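We did not get these values from a lab; they are worked out from the coordinates using the rules stated. Fair warning: this is a prediction, and the values are worked out from it, not measured in the lab. All Cβ positions, even for glycine, are placed from backbone atoms using ideal geometry, and neighbour counts span all protein chains on display.
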Amino acid sequence: MAASDLQFVSGNTFSFSAQWGSKGSGDFVPVDITGCRARFVMRDVRSGELLAESTTEDGDITIADPVSGKISVRVAPVKTRALGGKSLGQAVYELRVYFPSGDEYSVMMGFVVVIEGVIRD
């Protein structure tokens, strides 16, 4: 798996944090995302079917420290329970940030591996 690929167990809470920035003169320079909203989506590669989604509007994505570019993403178990298993290359994800100006930027994207959980509640 590449560094940008994600892995989780279906039916579990899936969460991660990211910090958006760039290297300017060798130092990390965070992107100020004050006033922005964000969306995380997972889709099936072949069909394009939406597998799961989280947004700042539904409260599953938080921009806790916008000046430092920090974003926390949470996908609730109810959103992942029916996914079953997905091998590397079968599902993709994207985390996108939307600025008040109308600009949109993909902060992260890659493949997502879903391991089918053994416990089924």
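Expected output is a single nm value to one decimal: the length gained when fully extending between residue 27 and residue 5, i.e. 0.36 nm times separation in residues minus the C-alpha distance. What is it? Don't jump to the answer; show the numbers that get you there.
Numbers: separation 22, 0.36 × 22 = 7.92 nm, distance 2.48 nm.
Fully extending the segment from residue 27 to residue 5 adds 5.4 nm.
Could you work out [θ]222 nm for the chain from helices alone, using -39500 (n - 2.57) per DSSP H run of at least four and dividing by all its residues? Round to the nearest 500 deg cm²/dmol.
Details: 1 runs with 4 residues, N = 121.
Computed mean residue ellipticity for the chain: -500 deg cm²/dmol.
For the range 1-89, what class follows from the C-alpha gyration tensor (a ≥ b ≥ c being the square roots of its eigenvalues): rounded when a/c is under 1.5, otherwise prolate if a/b is larger than b/c, else oblate?
Working: a/c = 2.42, a/b = 1.64, b/c = 1.48.
The shape class here is prolate.
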Amide hydrogen neighbours beyond the local backbone of residue 65, cut-off 5 Å, H modeled: 70
Cα lying deepest toward the dipole's positive end in the chain, options 8, 85, 18, charges on Cβ: 85
The chain - percent relative contact order, Cα under 8 Å, separation 6 or more: 34
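Taking R0 as 35 Å, what FRET efficiency do you get between residue 19 and residue 45 from their Cβ-Cβ distance, rounded to the nearest 0.05?
On the way: r = 27 Å, r/R0 = 0.78.
About 0.80, to the nearest 0.05.
Charges at C-beta only: +1 for Lys and Arg, -1 for Asp and Glu. How large is the resulting dipole of the chain about its Cα centre, in Debye rounded to 20?
Value, rounded to 20: 260 debye.
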